[in-house]
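The values are calculated or read from the model by the stated rules, or taken from the named source; none is laboratory data. Everything numeric here is computed off the predicted structure, so don't read it as measured data. We place every Cβ from the backbone using ideal geometry, glycine too, and count neighbours over all the protein chains shown.
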Amino acid sequence: MNATSADIETLERLQTVDLELLRTRKELEELPQRAVIAAAQEKRAALQAKMDQIKVLRKETGRKLTRSNEEDASLVKKEHGIQAALEAAQGDYRNVEARTKELAGIEKRRFKLKEELAELKKDQSRIDKLASQISDGIKKLDATEEAATASFEERSGALTASIAALEQERGQLTSEVPARLLEAYDRVLSRAGGVAIGRLADNRCGVCRAPIESGRLIDLRNQAPIGECPICKRLLVIGGPAQA
């Protein structure tokens, strides 16, 4: 394939730029901060779901505490009323006996309420402690995501700028390569995925490193200054003077 020394030099520089573009784009796509941010968001969502459950439990426990306290207050009020009725019923045996039994029932219920309230307060304490732990966990995840996001934005910004500069340089280089040669290079590049051109060295392809047998080597040298590796089909710069 016809090419001048300048064409070959430009093409090899283009290869360097394309490899750097490939590396930089891959680094941008695989920035570890992405995984850190995604993991933090996933964990926070799970913790937030637990927090929502905790809020429901806290609300339900609060309602139970309120009901129990209100019932106890009502029983205290009723107890006072019965005490007053007992004082007024002195000498009325049947009335006193009925009021006394009623007081005993109230006392028994208030004792049960006291136990229930103690358990509810323990539940409330456990819920508050768990809510605090979850809240701390969410805050830590927020800090982790914030730091990872800042780091990601800084690094991705630098990589994006590098890609833009490389793409600009690539555009300049491609404008200097003959259309037929550039078409052959781009075709191989799209198929080979990275390295499209190498040099013939020690009767081997400089890219795939496969030895080239003598018959094929003669055909390849006839294609000088740029031929095609018979093994990997990449472009090969062949020694000898370049064609004008």
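Condition first: among the small types (Gly, Ala, Ser) and surrounded by 15 or more Cβ atoms within 10 Å (Cβ to Cβ). Now tell me which residues in the stretch 142-157 satisfy that.
ALA148, SER151, SER156
Yes or no: the stretch 158-168 includes at least one residue that is surrounded by fewer than 13 Cβ atoms within 10 Å (Cβ to Cβ), of a type outside the set (A, V, I, L, M) and over 29 Å from the mean Cα position of the chain (by Cα).
There is at least one residue in the stretch 158-168 that is surrounded by fewer than 13 Cβ atoms within 10 Å (Cβ to Cβ), of a type outside the set (A, V, I, L, M) and over 29 Å from the mean Cα position of the chain (by Cα).
Does THR61 qualify as being over 29 Å from LEU120 (Cα atoms), of a type outside the set (A, V, I, L, M, F, W, C) and part of a helix (DSSP H, G or I)?
no
Given LEU200, LEU220, which one is touching a Gly at 6+ places or on another chain (Cβ under 8 Å) and without any contact (Cβ under 8 Å) to a residue 24 or more places away in the chain?
LEU220
Go over the candidates LEU75, LEU86, LEU21 one by one and state the one that is under 40 Å from the mean Cα position of the chain (by Cα), over 30 Å from ASP136 (Cβ atoms) and assigned to a helix (DSSP H, G or I).
Exactly one residue qualifies, and that residue is LEU21.
For the stretch 89-101, which positions are assigned to a helix (DSSP H, G or I) and of a type outside the set (A, V, I, L, M, F, W, C)?
The answer is TYR93, ARG94, ASN95, GLU97, ARG99, THR100, LYS101.
Please go through the stretch 118-140 and give me each residue that is under 20 Å from LEU65 (Cα atoms), touching a residue at least 40 places away in the same chain (Cβ under 8 Å) and of a type in the set (A, V, I, L, M), ordered by number.
Across the stretch 118-140, the qualifying residues are LEU120, ILE127, LEU130, ALA131.
Based on what the data block shows, is ARG209 within 51 Å of the chain's Cα centre (by Cα), among the basic types (Lys, Arg), at pLDDT 90 or above and crowded, with 17+ Cβ neighbours inside 10 Å?
When the stated conditions are applied, ARG209 does not pass them.
Are any residues in the stretch 1-11 in contact with a strand residue (DSSP E or B) (Cβ under 9 Å, 6 or more places away or on another chain), farther than 15 Å from GLN172 by Cβ and either among the basic types (Lys, Arg) or part of a helix (DSSP H, G or I) (or both), and if so, which ones?
The answer is ILE8, and nothing else.
Six or more apart or on different chains, Cβ under 9 Å: which pairs go from a residue in the stretch 48-62 that's in the same structural domain as ASP128 (by TED's automatic domain parsing) to one that's outside any helix (DSSP H, G or I) and at pLDDT 95 or above? Could you list them?
Sorted first by the residue in the stretch 48-62, then by its partner, the list stays empty.
Can you pull out every residue in the stretch 102-160 that is among the aromatic types (Phe, Trp, Tyr) and either outside any helix (DSSP H, G or I) or over 30 Å from ARG34 (Cβ atoms) (or both)?
Once the filter is applied, which keeps residues that are among the aromatic types (Phe, Trp, Tyr) and either outside any helix (DSSP H, G or I) or over 30 Å from ARG34 (Cβ atoms) (or both), the stretch 102-160 yields only PHE111.
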